[in-house]
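Please read the structure below before turning to the comments.
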Amino acid sequence: MTEKAIFFIIALSVAAAIGYITAWLYYRRRWKFPLEELQGEMLQQKIQITKLENENEQLKKEINSLKKEKTLQFQNEAESVEVGSVNSKSELEKSALMEEVANLRSQLDIRPQEDEYLLLKKENKTLYTNNKQVLLKLEELQNELNECRANATNQKRLFNDADISEKDDLKVIQGIGPFIEKKLNDIGIYTYRQISSFDDHLVERVTNAIEFFPGRIQRDNWVGQAHKLYKDKIKTPEQ
């Protein structure tokens, strides 16, 4: 291999590394931080909605209790007026009692509490609308993030001649463990057939792509092992 070719391969590797780091930094700045911020905002709004709902329920109970209390008090006072009438109380006493009854009736006005309840209900509706908008924005960001991840995965693939449905157990090959197998799968290598067809150029590309020890693939004889496993696999259906 000429020095020019080696320099070209090294340049490509450095460019790929820089591109990967740049994409990672862009992802963190563009998507991760806004996503976390939106999730925090949505959580705060959920807490506020729950708090308002609890306050609404408490206010309803207080209003109902006040209505019952004032109604009962009004009935008792009205009965007192009727009893006084039967006992022929003086007109002055009856007038005083009637005035007190009127005061009790005026105290039954619970419009301030009802206004507060309606205001809380309106705020609750506003928070619900804002929360829904946050959820839609979060879903939109999640879809864009998934698309970004899919594009990044496609850019990492070096091989497109096999997919996961054809996957062989690459860990059978000496020198390949679960960690290295996953890295091979990430760049599109799933089968013994693919490894058995490696030449020196592909071995170097794969070594760089999975960040493996230079010369290790040759020392462990991946190509020879994969070739034998592939032949055995082909023969097996015929036996």
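The values are calculated or read from the model by the stated rules, or taken from the named source; none is laboratory data. Being a predicted model, the structure only gives us computed values, none of them experimental. Because the Cβ atoms are built from the backbone with ideal geometry, glycine has one as well, and the counts that use them run over all protein chains shown. Side chains included, ligands, DNA and RNA excluded: accessible areas come from the protein's heavy atoms. Shrake-Rupley method; radii C 1.70, N 1.55, O 1.52, S 1.80 Å.
Here I6 sits with roughly 70 square angstrom of accessible surface, probe radius 1.4 Å.
The figure for E53 is an accessible area of roughly 90 square angstrom, using a 1.4 Å probe on the protein chains alone. Ranking of R205, R219, R157 by solvent-accessible surface, largest first: R219, R205, R157 (1.4 Å probe, protein heavy atoms only, all chains present).
Accessible surface of K46, taken over heavy atoms with a 1.4 Å probe and every protein chain present, rounds to 100 Å². Legend: distances between Cα atoms for K68/K125; K171/K233; K68/K132; K67/K121; pairs beyond 27 Å are K68/K125; K68/K132.
Order the peptides 191-199, 169-177 from the highest to the lowest mean number of other Cβ atoms within 10 Å of their residues. Could you put the intermediate results ahead of the total?
Numbers: 191-199: 18.6, 169-177: 15.1.
Ranking, from highest mean packing down: 191-199, 169-177.
Quick check: from the Cα gyration tensor, does region 157-201 come out rounded (a/c under 1.5), prolate or oblate? Rounded is the answer for region 157-201, as its axis ratio a/c remains below 1.5. Each of Y190, Y230, Y128 has its accessible area taken with a 1.4 Å probe; listed largest first, they run Y128, Y230, Y190.
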